[in-house]
Amino acid sequence: MKRPIKILLLGLCVLQMIAVQGQSTELDTVFVKRTVGVNEFEIDTLFIPSGRSSKQVLAGTTFLPYSDKMIGLLNNGLSPISLEVVEECDRSVDPRTFDDYPKFLNVWRGKNELTIDVSVVANCCHNFLGEAEVVGSDTLNLVYTAYGGFCSCNCCFTLRYKFNTKMEANYQILKFVTINSNETVGQIPATE
């Protein structure tokens, strides 16, 4: 089980320190510290353009907001609801089968909602940033990027992508799904 993440916002202090050293920058800085053991921790650094930062700091597994792919997704009638890890680091999967991944586990539609579960292989200590895009006229391509500290193991994670499909019928009805433009193709059920 991962320990809580402590976020230290040091934007103005870092800007002032850099200016004192004779350098100038237009960046705010966010340091993210996570305890990984007794007296051990990891630090990630985010640089945010000054004056353009939002209230959202990317931490853990989440959709990457307002990327070109995500804006394009909105223009095709889908809007992201959530990206989450529903099964953490399953070490029972035989590493000799890792080449068979990613795999689609479930694809289903509810009322105005599309949910897709996919199993992926990544470093045991990673989190995921996700995006999605419509490719061609009928295919949804899910994108994930694993990031974070490194451990000495790989394992399988189950990621769950959820989308609002209220406006999908106004644009097109998707039939297929891929992950990271992989040849693995899943079927998307017809709308209810």
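The values are calculated or read from the model by the stated rules, or taken from the named source; none is laboratory data. Source: prediction; values computed, not measured. Reconstructed Cβ throughout: ideal geometry from the backbone, glycine too, with neighbour counts over all protein chains shown.
Matching residues to (1) over 18 Å from the mean Cα position of the chain (by Cα); (2) farther than 30 Å from residue 37 by Cα; (3) not assigned by TED's automatic domain parsing to the domain that holds residue 102:
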residue	(1), (2), (3)
137	yes, yes, no
144	no, no, no
149	no, no, no
152	yes, no, no
169	yes, yes, no
174	yes, yes, no
178	no, yes, no
183	yes, yes, no
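Please state which of the following conditions residue 71 fails to meet, knowing it meets all the rest: (1) surrounded by 13 or more Cβ atoms within 10 Å (Cβ to Cβ); (2) hydrophobic (A, V, I, L, M, F, W, C); (3) out of contact with any Phe, Trp or Tyr (no Cβ under 8 Å at 6 or more places or on another chain). If we test residue 71 against (1) surrounded by 13 or more Cβ atoms within 10 Å (Cβ to Cβ); (2) hydrophobic (A, V, I, L, M, F, W, C); (3) out of contact with any Phe, Trp or Tyr (no Cβ under 8 Å at 6 or more places or on another chain), just (1) comes out false. Of the residues making up region 64-98, those that are touching a residue at least 60 places away in the same chain (Cβ under 8 Å) and hydroxyl-bearing (Ser, Thr, Tyr) number 3. Of all residues in region 120-128, none satisfies being of a type outside the set (A, V, I, L, M, F, W, C) and farther than 26 Å from residue 42 by Cβ. Scanning for something among the hydrophobic types (A, V, I, L, M, F, W, C), in a loop (DSSP other than H, G, I, E, B) and either touching a helix residue (DSSP H, G or I) at 6+ places or on another chain (Cβ under 8 Å) or modelled with pLDDT of 85 or more (or both), does region 123-142 turn up at least one residue? Yes, because at least one residue in region 123-142 is among the hydrophobic types (A, V, I, L, M, F, W, C), in a loop (DSSP other than H, G, I, E, B) and either touching a helix residue (DSSP H, G or I) at 6+ places or on another chain (Cβ under 8 Å) or modelled with pLDDT of 85 or more (or both). Considering region 168-192, and only residues there that are under 18 Å from residue 80 (Cα atoms) and free of Cβ contacts under 8 Å to residues at least 40 places away in the same chain, the residue that is surrounded by the fewest Cβ atoms within 10 Å (Cβ to Cβ) turns out to be 173.
Restricting 46, 15, 58 to those that are at pLDDT below 80, over 30 Å from residue 168 (Cα atoms), hydrophobic (A, V, I, L, M, F, W, C) and not in a helix (DSSP H, G or I) reduces the list to 46.
May I ask you to list the residues in region 123-134 that are hydrophobic (A, V, I, L, M, F, W, C) and farther than 18 Å from residue 64 by Cα? If you could, list the steps in order and put the result at the bottom.
Step one: of region 123-134, the residues hydrophobic (A, V, I, L, M, F, W, C) are 124-125, 128-129, 132, 134.
Hits for region 123-134 are 124, 125.
In summary, residue 162 fulfils each of the numbered conditions (1) touching a residue at least 60 places away in the same chain (Cβ under 8 Å); (2) outside any strand (DSSP E or B) with the single exception of condition (2).
In region 86-96 there is no residue matching the filter, namely being touching a Ser or Thr at 6+ places or on another chain (Cβ under 7 Å) and buried (at least 18 other Cβ atoms within 10 Å of the Cβ).
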